[in-house]
Structure formats: C-alpha cells, structure tokens
Amino acid sequence: MPAIATQLTDIKGIGPKLAEQLQALNIYNLADWFFHLPFRYEDRSRLTPIGAAQPMRPAVVQGEVKGASVVFGKRRSLLVKLQDHSGTISLRFYHFSAAQKKQFSTGNLIRCYGEPRRGASGLELYHPEYQLLEDGHDQQLEAQLTPVYPATDGISQQRLRILHEESLALLRQHKVALNDLLPADWLQQWQLPTLEQALVFLHQPPADTQLALLENGQHPAQKRLILEELLAHQLSLHRLRAQVQSHQAPTLAEKPALQQQLLQQLPFTPTGAQSRVVEEIAADLARPFPMLRLVQGDVGSGKTLVAALAACQALAAGYQVALMAPTEILAEQHLHNLSAWFEPMDIQCGWLAGKVKGKARQNTLQQLADGGIRLAIGTHALFQDDVAFHNLGLVIIDEQHRFGVHQRLSLREKGRQQGLSPHQLIMTATPIPRTLAMSAYADLDTSVIDELPPGRSPITTVAISDQRRDEVIQRVQSACQEGRQAYWVCTLIEESEALQCQAAENTATDLREALPQLRIGLVHGRMKAAEKAAIMAAFKAHEIDLLVATTVIEVGVDVPNSSLMIIENPERLGLAQLHQLRGRVGRGAAKSHCVLLYKAPLSLTSKQRLQVMRDSQDGFYIAEQDLQIRGPGELLGTRQTGLQMLRIADLQRDGDLLPQVRTMAEQIWQNHPEAVEPLIRRWLGDAERFATV
Ligand code: ADP
Ligand code: MG
C-alpha cells in the first residue's frame with residue numbers, strides 16, 4: 001500500500017479485476033469511488049421490541065426461537081416463530097437449507113433485520129437478514145445508519161460496505177489524494193462541511209441522523225455535494241461561453257434602412273415584445289464577439305419576424321445569413337415566408353435540404369460559396385462538410401430543443417472563417433422552465449417574447465373518448481360547412497414513421513368516406529417535398545377544408561382560417577408537443593377549438609396531463625407542469641444536455657439552489673480560477689468531452 005492512495009487499486013481489496021467490474025457502476029477512479037454514494041439508508045442501530053414491530057417499517061428484532069416447521073401452502077416454506085418479552089413474529093423462508101433449519105433450533109437466540117408484512121401467521125419477515133447470537137455474547141448493534149449502495153452483478157452490498165469502510169479510513173487519515181476543490185473561506189461563508197466531512201458522513205451517517213433529511217436531500221453534507229456538482233455544470237457552460245467569446249465575430253452595425261423596408265411591407269407592426277427582443281439582438285450583433293442568444297417565445301408569438309429583423313442587420317452589413325430548422329416542412333415554411341419578404345428587397349434566398357441532390361445541389365453550393373445566395377434556408381444539410389459559405393455573419397436556428405448542446409456547438413464551429421465566427425441566434429417555442437433554462441442553457445443569453453400579437457382568440461380544449469368519434473366527425477363537418485378549416489392529427493403509433501404515415505392514410509380514407517362533402521387533404525413525412533408543399537399551399541388557399549396530418553405539422557404551419565383541431569391519441573404525446581400542435585389553431589379571429597380524442601381508459605398520469613392542456617394555454621405553465629410530471633430529461637428532448645448525468649443533484653428537487661449556484665460560479669470564476677478545471681473534471685469527466693469548442 002503506497003503512502004497516499006491515488007488510484008482505485010490502491011484501496012485494499014480492490015484489485016484490477018474488481019476495478020474493471022466497478023466500471024459497470026461508472027466508477028473509473030478514486031474520486032468516482034468516493035462519490036459512489038448510498039441511495040438510501042437502513043436504520044439497524046436500534047432494537048425494536050417484537051410487539052412494537054409494524055408492517056412496512058423495517059426493523060431489527062431479536063428473540064428466542066419457539067419452533068420451526070416446514071409448511072405447505074401454495075409454496076413450501078420454512079416458518080420460524082420468534083418470541084421476546086413483548087410478542088411473537090414469524091420468519092418465512094421459501095429457499096432454505098438443512099443447515100439453516102438447524103440454526104433455528106428451539107431456544108436459539110436470533111437477531112434479524114427486515115420489513116414486517118402481514119402474512120398467514122400474523123406479522124412475518126420474508127427472507128430477513130439474520131444472525132445467530134452466541135450465548136453470553138452481547139453483540140453490538142450498528143453504530144451508524146447502514147448504507148445501501150447502487151450495486152451491480154457479482155458485487156454484494158456487504159462487499160461494497162466493507163470496501164467503503166476501508167477507503168474511508170484512509171480518507172480520515174489523509175492517505176487519499178482527494179482535494180477539497182471549494183476554497184476554505186467559501187465553505188465558511190456558505191456554512192458548508194468540507195469534502196472529507198461530507199463524504200465520511202454520507203457513507204457512514206451516525207445512528208442519530210434524521211433519516212428524513214437524508215431521504216429528501218436536505219442534509220448539509222448532501223447540500224455541499226449537490227452544490228458542488230451543480231457548480232461544476234455551471235462552470236463548464238461558463239467556460240464554453242468564455243471560449244466562444246474569445247473568438248471574434250464580425251461587428252454588424254445597426255443600419256435600420258433594410259429593417260424599415262421589411263416592416264413597410266407588413267400588414268402589422270411588431271409587438272412591444274418583438275421590438276424589445278430585436279433591440280437586444282441588435283446590441284449583441286454590434287459587438288466584436290459572437291452573440292449566443294436564445295429567444296424563447298410561445299407558439300405564435302412571432303419569432304419569424306424577429307429572426308427576419310435580425311437577419312436584416314447582418315445582410316445590411318454585407319454578410320450572409322443561414323436559417324436552419326429541424327424538419328423539412330418547417331424549413332419550407334420559412335423559405336416560403338422569408339423569400340416572400342426578402343426577394344422583393346433584392347435579397348436572394350437559397351434552399352438546401354437533404355433531398356436537394358445533383359445539379360441543383362451543386363448550384364446551391366456554388367452560390368453559397370460565392371455569396372450569390374445571401375439568405376440560406378434549410379435543414380441541418382446546411383452544415384454538412386461540403387457546404388462552404390462566402391461570409392456567414394449570422395446563424396439562426398429555429399426550434400432549438402430538437403438539437404442537443406453538442407450540435408449547437410458544432411454549428412458554432414462550422415461557420416468559422418478567417419478567424420471570424422458567426423453570431424448565433426437560437427429560437428425555441430418550447431418554453432423552458434426557468435430552473436432548467438438556467439442550467440441547460442447557461443452558456444446562452446436569453447430573450448423572451450412574452451406577448452402574443454393582438455387579435456388572437458383563446459382556444460377551448462376538450463378531451464373526448466374515441467368512443468364518441470362519430471360526434472367529433474360531425475363537429476368537423478359543421479365547422480367546415482361554416483367556412484372554417486380543420487386539422488386532424490394522427491399521432492405516432494410506434495416509433496416508426498412508416499406506421500404513422502399508414503395510420504394517417506387510413507384515417508384520411510375513413511374520413512373521406514364519412515365526410516364526402518368535404519375536401520380532404522393528407523400530408524405526412526413520407527411524401528415528396530413538392531407534394532407536401534402543394535398540399536400545404538392548397539390548404540392555405542382554402543382549397544382543402546380538412547387536413548389530415550401526422551405530427552409533421554407540429555411546428556411552423558400557419559393558416560389563420562383553421563379553427564378546429566382534432567388530435568388523436570393525445571395521451572401518447574408530451575405536453576410540449578401537444579401545445580405546439582394546438583398552436584396551429586387560434587391564429588385568426590374566430591373562436592378556436594381543440595379536441596383531444598383519447599383512447600380510454602387513461603392512466604392517472606395521462607389524465608393529469610390532458611387536464612393541464614384543458615386548463616391552460618400558457619406555454620410556460622404547461623412546461624412547468626410537464627417538468628413536474630415527466631422530469632427534466634424528457635422535457636429537453638435530448639440526452640445530450642449533460643444534465644442527464646447529474647449524479648447527486650436533482651433539478652426538480654434542487655432547482656431552488658440554482659440562483660445561489662450561479663453566484664457561486666461567478667465567484668469561483670473570478671477569484672478561484674484554479675478550481676475551475678478540476679471541478680469540471682471531477683463531476684463531468686468524460687461527459688464533458690462533447691462540450692469543447
Ligand atoms: P412563431 O413564434 O410560432 O414562429 P410566427 O412567426 O409563425 O410565430 O408568427 C405567427 C403568425 O403571427 C404569423 O402569421 C405572423 O405573420 C403573425 N405575426 C407575427 N408578428 C405579428 C404582429 N406583430 N402582429 C400581428 N401578426 C403577427
Ligand atoms: Mg416558428
């Protein structure tokens with residue numbers, strides 16, 4: 001044993017083979033080992049009189065064996081009666097050996113730990129851990145709460161406990177190289193225990209510790225580690241931001257002429273919120289380092305105009321702009337809207353998606369490279385290797401939540417030319433709850449368009465079982481006969497686009513049969529781009545009354561005359577997605593309705609979620625509820641945020657710490673820069689790999 005343990009195998013009992021097995025628990029080094037914390041504790045420090053044992057309350061009981069017999073119920077089992085001065089309880093074993101049976105000879109003294117349940121013979125302990133107490137030996141109870149660790153095949157709790165005890169002894173004797181990365185003056189200021197104190201405590205909490213505190217993550221020892229972990233995440237984003245801002249970007253001076261030209265074409269004026277956000281962006285673009293701004297705006301809040309006005313500033317300064325959307329249909333909508341605005345101003349727009357091939361593609365690539373195309377619109381095909389821009393000044397990404405952090409980063413990388421990185425504007429319609437935004441997007445500045453354009457009417461949402469499908473079909477009929485238009489959305493049946501499209505085709509066929517008077521169109525992801533565009537155009541021109549669609553219409557589609565939406569099997573979709581879908585109606589002056597046509601019976605969670613949709617039309621409220629019901633990982637829709645990998649912190653539980661974490665991160669960054677790298681490495685390790693620019 002070396003004087004100072006620096007690696008896993010320096011711990012007595014951990015050899016190369018075990019070290020390899022521990023990788024299954026994400027333990028790769030000494031720090032990982034110490035941060036491999038119990039996920040719960042058992043209290044084996046007190047003896048409970050048998051008469052006081054309660055169902056479902058794990059307890060240590062001790063008594064004399066009053067008899068043991070093999071009984072034949074549904075399954076053969078060994079039933080042992082145990083008695084102390086206060087009462088009797090039974091132990092039941094379905095698997096047992098002859099040797100075990102012998103241990104339970106009448107008169108023997110047994111101590112066991114388990115969770116009593118009501119059984120055939122009164123309170124019973126099923127397969128409790130037990131030990132035979134030798135006569136006259138007063139065996140001690142545990143002095144600490146007993147930790148229960150995340151375990152893996154082939155490594156028992158018992159073994160983990162022993163190994164941890166071994167390593168903690170080294171830690172106490174300072175024979176382990178594990179630095180306290182939080183500055184000492186700091187621990188005092190925030191009244192936090194040292195790293196050693198926190199770790200020793202959490203592996204071996206004294207018996208009098210309040211279990212409830214530990215269970216709720218409220219103990220100061222936990223807080224210390226939670227804060228440190230959140231801090232590490234915050235710092236990694238901080239570092240990312242600093243790296244990006246150390247790059248140069250073209251300074252795009254504000255030249256309002258082009259913006260005014262655009263605004264003059266419009267039948268409306270920007271809302272106050274739009275103008276404010278445009279101002280915020282304008283100030284960023286005029287700086288010599290890359291803008292990193294996230295614009296959050298609920299469905300229909302008018303993000304496209306904000307993007308267009310930002311684009312004007314870059315275009316006016318002579319730079320190219322690229323706008324990227326996650327799906328082709330959304331990108332096409334942008335192409336449609338933006339070219340209608342920009343072409344009359346002599347700004348050439350270009351289109352690039354995966355399906356653009358051959359000569360057309362060559363042609364587009366050529367014009368992107370020579371600067372002929374000023375405003376490029378498309379899918380992520382815009383950022384493939386063979387695409388080169390002439391002078392890209394601004395990248396706009398719509399619906400960011402579909403892209404992960406690392407995609408965001410590779411885009412930053414991509415547009416860099418001659419030492420200049422483009423500015424980046426990210427727009428999302430999925431309102432991100434504040435707590436989450438603070439951690440997942442801490443490397444970005446945010447603007448919120450918190451106002452909808454005037455003249456929108458509220459949407460009434462109802463949930464109806466599909467047993468009443470016929471009524472719903474009638475409702476579509478009357479709406480369309482009154483000159484309104486409607487959507488009928490078919491949702492994912494399985495994780496297969498093919499099946500989803502099939503379902504939409506079948507539904508369209510059925511509806512055409514049921515509603516022969518209506519003009520019914522169908523649009524889904526497997527149709528050719530031109531076909532899709534033609535259907536969308538026909539719907540927009542009111543040559544189609546009812547549009548049957550898959551969730552491809554989730555984003556971007558804008559037909560103000562449609563005021564009714566039927567969503568089939570809404571229970572299969574996330575709330576954010578439902579909110580997006582529903583945002584396709586309520587865009588005109590007519591009163592709009594959304595029917596959630598669910599398949600009964602609904603689970604409790606599904607009921608809750610549909611209720612949220614009925615209660616509110618506020619994207620932020622819905623997102624908060626979604627966070628409550630589903631947890632942060634799913635809400636962000638990507639496993640790439642890094643937050644998936646939180647080990648101790650829990651965003652939902654610890655979200656209230658984030659403002660404090662922010663302050664702490666600033667302080668560390670300013671006053672203790674030496675701690676930044678080690679903190680990030682300790683907590684993010686390899687996970688941080690993707691987050692380097
Ligand atoms: P989203 O934020 O969902 O992307 P869009 O940019 O598609 O919203 O805008 C939704 C609709 O609102 C479009 O028809 C757009 O032309 C219109 N719109 C945008 N800004 C305004 C405004 N200030 N006043 C009135 N209508 C507006
Ligand atoms: Mg949009």
Fill in the blank from the handout: the chain accessible area per residue, 1.4 Å probe, protein heavy atoms, integer Å², reads 45
Practice task
Quick one: go through region 142-172 and flag any residue whose amide nitrogen is under 18 Å from the point 7 Å out along the Cα-to-Cβ line of Arg46.
Solution key: 142-147
Completion exercise
Among Lys12/Lys223; Lys540/Lys591; Lys528/Lys599; Lys255/Lys532; Lys355/Lys540, the pairs whose Cα-Cα distance exceeds 26 Å are Lys12/Lys223; Lys528/Lys599; Lys255/Lys532
Completion exercise
Carbon/sulfur accessible area of region 102-246, % of total, 1.4 Å probe, equals 45
Practice task
Please report the orientation-averaged projected area of region 167-212, defined via the convex hull of its C-alpha atoms, in nm².
Solution key: 4.0
Exercise for the section: Could you work out the equivalent-ellipsoid semi-axes for the chain, taking the square root of 5 times each eigenvalue of the Cα gyration tensor, largest first, in whole Å? Expected result: 58, 36, 21
Fill in the blank from the handout: Taking every other residue with Cβ under 9 Å from the Cβ of Arg239 and scoring Lys and Arg +1, Asp and Glu -1, one gets -1
Problem - For the chain, calculated [θ]222 nm from helices alone, where every DSSP H run of n ≥ 4 adds -39500 (n - 2.57) - result: -11500 deg cm²/dmol
Exercise for the section: With label points built 7 Å along Cα→Cβ from the Cα atoms of Glu279 and Leu266, find their separation and express it in nm. Expected result: 1.6
Exercise for the section: Return one number: the angle in degrees, 0 to 90 and rounded to the nearest 10, between the long axis of the Cα atoms of helix 405-414 and the longest principal axis of the Cα atoms of the chain. Expected result: 40
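Within region 283-411, what whole-number % of the accessible surface is contributed by carbon and sulfur, with the 1.4 Å probe and all protein chains included in the calculation? If you can, show how the numbers build up before the last one.
Working: 2080 of 4100 Å².
Result for region 283-411: 51 percent of the exposed heavy-atom area is carbon or sulfur.
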Problem - Built amide H within the under 5 Å cut-off of Ile426, gap 5+ - result: Arg293, Leu294, Val295, Ile397
Problem - Simple spin-label estimate for Thr106 and Gln191 in nanometres, 7 Å along Cα-Cβ - result: 6.0
Exercise for the section: For Lys357, go through the aspartates and glutamates and keep the ones whose alpha-carbon is under 20 Å away, minus same-chain ones fewer than eight residues off. Expected result: Glu328, Glu332, Asp370, Asp385, Asp386, Glu531
Problem - Asn561 versus Thr152: modelled label distance in nm, points set 7 Å from Cα along the beta carbon direction - result: 6.2
Fill in the blank from the handout: Projected onto their principal axes, the Cα atoms of region 260-347 stretch, largest extent first, over whole-Å spans of 33, 31, 28
Practice task
Give the Rg (one decimal place) followed by the Dmax (whole number) of region 451-522, computed from C-alpha coordinates and expressed in Å.
Solution key: 14.7, 42
Practice task
Show me 150-163, 587-600 ranked by packing, highest mean number of other Cβ atoms within 10 Å first.
Solution key: 587-600, 150-163
Exercise for the section: For region 197-309, evaluate the Debye formula with one uniform point scatterer on each Cα (no solvent term) and list log10 I(q)/I(0) at q = 0.14, 0.16, 0.24 Å⁻¹, rounded to two decimals. Expected result: -0.75, -0.84, -1.28
Practice task
Round to the nearest 0.05 the FRET efficiency obtained for Thr509 and Ile629 when R0 = 25 Å and r is the Cβ-Cβ distance.
Solution key: 0.10
Fill in the blank from the handout: If one compares the long axis through the Cα atoms of helix 619-630 with the longest principal axis of the Cα atoms of the chain, the angle in degrees, nearest 10, works out at 30
Fill in the blank from the handout: For region 136-209, the percent of all C-alpha pairs falling in each 10 Å bin, from 0 up to the bin holding the max distance, is 16, 38, 33, 11, 2, 0
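The values are calculated or read from the model by the stated rules, or taken from the named source; none is laboratory data. Every value quoted in this text rests on a predicted model; they were computed, and no experiment measured them. A quick note on method: Cβ atoms are made from the backbone with ideal geometry, for glycine too, and the neighbour counts reach across all protein chains shown. For accessibility, only protein heavy atoms count, side chains too; no ligands or nucleic acids. Shrake-Rupley method; radii C 1.70, N 1.55, O 1.52, S 1.80 Å.
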